[in-house]
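So the structure is just underneath, and the comments pick up after that.
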Amino acid sequence: MDSSFDPHAIETPLYEEWETADYFAPSGNGPGYCILIPPPNVTGTLHMGHAFNQTLMDTLVRYKRMKGCRTLWQMGTDHAGIATQMLVERQLAEAGKTRHELGRDDFIEKVWEWREQSGGTIARQIRRMGGSLDWSRDRFTMDDGYAEAVLTVFERLYDEGLIYKGSRLVNWDPALGTAISDLEVENNEEQGHLWHFHYPLLDGLQTGDGTTHLTVATTRPETMLGDTAVAVHPDDERYAHLVGGFVNLPLVDRRIPIIADEYVDREFGTGCVKITPAHDFNDNEVGARHDLPLINIFTAEASINDNAPEKYRGLTREDARKAVVADLDGLGLLGEVKDHKLMVPRGDRSDAIIEPLLTDQWFVKIGPLAEPAIAAVENGDIQFVPKQYENTYFAWMRDIQDWCISRQQWWGHQIPAFYDDAGNVYVAADEAAARVKYNLDAGVTLTQDPDVLETWFSSALWPFATLGWPEETPELEQFLPSNTLITGHDIIFFWVARMIMMTLHFTGKIPFNTVYVHGLVKDAEGHKMSKTRGNGLDPLDFIDGIDLDSLVTKRTTNLTQPQLAPRIEKATRKDFPDGIPAYGTDALRFTFCALATTGRDVRFDLNRIEGYRNFCNKLWNASKFAFMNTEDFDPSAARELTLIDRWLRSKLHTLIKDVEYALDTYRFDIFAARIYDFAWREYCDWYVELAKPLLWDANLSAAEKQGIRLTLLEVLEALLRITHPVMPFITETIWHPVAEKLGRNKDTIMLQAYPEQREFQADEQAEVQVEWLKAVITGIRNIRGEANLKPNQELDVLLDGGDDADRERATAMAPMLKRLANVTAINWLEAGSEVPAHALSLVGDLKVMVPLAGLIDVAAETARLDKQLEQLRKDLERIDKKLGNESFVSKAPVEVVDKERAKRADLEERVATLENQLAELKALE
RNA sequence: GGGUGUUUAGCUCAGUUGGGAGAGCGACGGCCUUACAAGCCGUAGGUCGCAGGUUCGACCCCUGCAACACCCACCA
């Protein structure tokens, strides 16, 4: 083995070995266990969220595989319609071209080319993370087989009346030129204005105070060009007499009615609302109730169209706004203009302001699909961890709206609907099938719907389409439902809910039993990582390291808002003054597990990963120690387990139970913490250190030394198996030589059985004894430390008090005690002899005394004991108060009261001893 | 406007059924002790967000409030 841990030397070659040996494919005859990867975008790159998500999945997958399950981690990628199309369009734009110049077929060809070129990136990155996915079953949502599933689903839903086409107000992204679903709209509060406009009353009408106009307020002045009414509340006396009358819509010179509708809030503004049914979801409903005309004034790019007065045509919505306000002002019809905060809807991909626009779109009638999906969670077939997400799910599902699935885009599954010249619709997988299905002769010309399906429509089929559906495959039989879905809470609606609906509808099975929802990865300040913010981190940079300048360049290139670059650079130079060191994959994975506490977002903290990189090094060095002390080790030689061996094995016995419980309950943080604690504290700090003096002790029998060497190796070997799911590379590397020494099978640790409790025996007595030993050693170390004695300053120790057990232990453990506390001689105080001035430590009834002998300063020792005494007195006081409380004694359970009494007695004795000791010290001053 | 989560040591976070507040990192002091200075030994840090309530007893249960984060929602 190399002298120190170097992740790069081991990781990549090891992964290639695993993959070549086909260790990732399902094997064995155990129970099936399946996890589906949330398919990353095929042309994307790995971000921290992926790395976190995949670490948790791989940890579980490796654990289950070692537990003997026939385990499948299903790999696949998503065609990511809008995201990918945007990317390729941007590339075209750099070459000065548009997709329209290219034409649909050539453009799609270009996207496939891009996929060929960049599709391997994310796969390579996932491999670097150590993910044990079954690459042989890799699926892509645009594969032929997958496409067949998508078309089949569409057709069946259409035939069942669950997909329909309709003309509706939808969320329109004018930058992308497509409709998007409600979920793809992000509403954020932004600063805007509230403009008040005066609409002149017609036919001589007046308000109560003689005003000849109605004043309406709006945050969107330009939409007034499409107003078709003014509404007031039906019970509003101020305007009751005007209902049924008319106002003149300025600039447009249109006569529009004054209507009464409950929708209006009398308290807000003037109590009068302009109604624009074609450009506002609320107004649209009002318009429908009052049979108002819909006047669409926007083009697909959100410029003013020909339905508006000539003057405004062709203006962008921003310019139109300015013009409308200026013109009304010129007419004296502009009232107050106030600052106003409002929710602005923006497209999640384009960041463009979303326009409600009347268009023809395809919808999924979602109610009938939602019902069984709600039931599946209600009745516990599907469980969310943490459970509170079930409420989030229910809330959304119970109020779910029909799903707009058509996109005016080119990259994606083209909608399998065909139209004849008369506009009749025929739905089938392809044109030929449509002709057969609808009995159309060759004379009928058919044109396919140009739109594509939104990406989430196809990813909703992931649980069964990846396993071969609509064919009936053995994989469907074995791996549906899958076991655990691991995902962030940001895609519960987008993906999880829709998978549940679709899978239930088409297979009659639930897609998965458990949904484990983890938090999102935030930066050290708790902010969401994003390209725009420039605070994103590349997981590969933690593995390989990156220098500061490269990191700055990475974060500031290709920004959507280049003006932010200086700020991002400054922040980056401040947060990462030395760039990022190479920590290796294992350290990164361990960090993710350690931070994966339930129901909480994770702040990625550089200090944590550094600590866990150090932990890797610790493991590496511990194994070096084990090897150095087991040269010529013969696993079959006679051995006898010593006390510390029995103690360590007993600790391991408990560890195995704890890690199993942790993983079974998705407590990755506890899993990591227990491993860390056992490996570092128990194995390294105590066992190895205790073993040293024994291995070097001439009085110890060969069998006992063999017992120690065996334990050194066996416990390490088991620890490596326990740790392997989270740190696959270092454990595999170290495991081989260990297993070899133990004479075991040595293909790969990946396929070894996960440790079971029965491999290591519990031994309560050994634990008690070693705890005693640790207490004595710690006591002496405390004296040494507080008295500022050099470690190489040898000490003698005198023991007094205690019982027979103490005497036996002191004799038996003398070598360990001497070395770990750096003590030369241990003697018992002879009865009747004089007690020298000493520093004191108490272990139960046993007095551990270190004679001052000119080494220890009386004042320092006094201070040390004072500190201890003060703490003891505080404890005593608290207990006295408790026991002095009549209600406590009478009402608390007897065992609790007894416990307090015992504690009190013990404390009292210790206090007395220390007081005594302090008095003696005082006499020395 | 509705909902969810969070608030514990300087920082990041644990704390299972109510019964003596924990870890890692950082800080401080001492050590190159023959696996490891990416290390070893020791020490110091907390009215558990605030205010009430239930209880013999509350970080834990209940009520209210505050701050922060996120989700949902049509207030012009």
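The values are calculated or read from the model by the stated rules, or taken from the named source; none is laboratory data. Note that this is a predicted model, so its numbers are computed, not measured. Neighbour counts run over all protein chains shown; Cβ positions are idealised from the backbone, glycine included. The area values use the complete protein model at the heavy-atom level, side chains included, leaving out ligands, DNA and RNA. Shrake-Rupley method; radii C 1.70, N 1.55, O 1.52, S 1.80 Å.
A viscosity of 0.692 mPa s and a temperature of 37 °C, combined with the Kirkwood radius over C-alpha pairs in the Stokes-Einstein formula, give the range A:837-896 a diffusion coefficient of 230 µm²/s. For residue A:318, the accessible surface of its heavy atoms amounts to roughly 100 Å² (probe 1.4 Å, protein chains only, rounded to the nearest 10). Between the residues A:389, A:728, A:506, the greatest Cα displacement towards the positive end of the dipole of chain A, with unit charges on the Cβ of Lys, Arg, Asp and Glu, is found for A:728.
The angle between the Cα long axis of helix A:317-330 and the main principal axis of chain A comes to about 60°, on a 0 to 90 degree scale.
Considering every alpha-carbon pair of the range A:1-113, the percent of pairs per 10 Å bin, from zero through the bin containing the longest distance, is 11, 27, 26, 20, 12, 3, 0. For the range A:223-234, backbone phi angles converted through the Karplus equation (6.51, -1.76, 1.60; θ = phi - 60°) give residue-by-residue couplings of 6, 4, 4, x, 5, 10, 6, 10, 10, 10, 6, x Hz, Gly and Pro being listed as x. Checking the cross-link pairs A:528/A:570; A:881/A:922; A:618/A:847 against a 25 Å limit on the alpha carbon distance flags A:881/A:922; A:618/A:847 as lying beyond it. Over chain A, Cα pairs under 8 Å with separation of 6+ residues give a relative contact order of 11 percent. Farthest toward the positive end of the dipole of chain A, out of A:580, A:476, A:684, is the Cα of A:684, where the dipole comes from beta carbon charges about the Cα centre.
The per residue volume of the convex hull around the alpha-carbon atoms of the range A:539-635 is 141 Å³. For the range A:672-725, a simple Cβ point-charge model (Lys and Arg +1, Asp and Glu -1, everything else neutral) yields a dipole of about 100 debye relative to the Cα centre.
When chain A is described by a simple charge dipole with +1 on each Lys and Arg Cβ and -1 on each Asp and Glu Cβ, the residue from A:887, A:832, A:648 located farthest towards its positive end is A:832.
Note on the range A:209-367: Rg/Rh from C-alpha atoms, Kirkwood Rh, equals 0.97. Where both bridge residues fall in the range A:402-556, DSSP classifies roughly 60% of the beta bridges as antiparallel.
Taking 18 Å as the straight-line reach from the Cα of residue A:110, the lysines in range (excluding those fewer than 8 positions away in the same chain) are A:97. Taken per residue, the accessible surface of chain A reaches 44 Å², heavy atoms only and a 1.4 Å probe.
In this structure, the amide hydrogen of residue A:193, modeled 1.01 Å from its nitrogen in the peptide plane, lies closer than 5 angstrom to those of A:340, counting only residues at least 5 positions away or on a different chain. Over all directions, the projected convex hull of the C-alpha atoms in the range A:632-704 averages 5.8 nm² in area.
Please give the net charge around residue A:738, taking every other residue with its beta carbon less than 13 angstrom from that of residue A:738, where Lys and Arg add +1 and Asp and Glu add -1. Net local charge, residue A:738 excluded: +2. Considering only Cα-Cα distances, which of the following residue pairs are longer than 24 Å: A:437/A:509; A:651/A:867; A:67/A:387; A:657/A:899; A:531/A:574? Exceeds cut-off: A:437/A:509; A:651/A:867; A:67/A:387; A:657/A:899. Of the listed residues A:661, A:419, A:146, the order by accessible area with a 1.4 Å probe, largest first, is A:661, A:419, A:146.
How big is the equivalent ellipsoid of the range A:328-431 along its three axes, where each semi-axis is √(5λ) from the Cα gyration tensor, reported in whole Å from largest to smallest? Its equivalent ellipsoid spans semi-axes of 36, 30, 13 Å. For chain A, the share of accessible area belonging to carbon and sulfur comes to 47 percent (1.4 Å probe, ligands and nucleic acids excluded). Counting only DSSP beta bridges whose two residues both lie in chain A, roughly 70 percent are antiparallel. For chain A, the Cβ-based charge dipole about the Cα centre amounts to some 1480 debye (Lys, Arg positive; Asp, Glu negative; other atoms uncharged). Put a plus charge on the Cβ of each Lys and Arg, a minus charge on the Cβ of each Asp and Glu, and nothing anywhere else: the dipole of the range A:157-304 about its Cα centre is then about 600 debye.
Could you give the Stokes-Einstein D for the range A:670-800 in µm² per second, using the C-alpha Kirkwood radius, 10 °C, 1.306 mPa s? Estimated diffusion coefficient is 92 µm²/s. Backbone geometry of the range A:162-179 corresponds, through the Karplus equation with coefficients 6.51, -1.76 and 1.60 at θ = phi - 60°, to 3J(HN,Hα) couplings of 9, 10, 9, 10, x, 9, 8, 6, 10, 6, 10, 9, x, 6, 8, x, 9, 6 Hz, x marking Gly and Pro. Counting only alpha carbon atoms, the long axis of helix A:7-20 and the longest principal axis of chain A meet at about 70°. Shown here: chain A, whose C-alpha atoms stretch 122, 72, 59 Å along the first, second and third principal axes, sorted largest to smallest. Could you give the angle, 0 to 90 degrees to the nearest 10, between helix A:144-159's Cα long axis and the longest principal axis of the Cα atoms of chain A? Helix A:144-159 and the main axis of chain A meet at about 50 degrees.
Peptides A:857-863, A:611-617, ordered by how many other C-beta atoms sit within 10 Å of their residues on average, highest first, read A:611-617, A:857-863.
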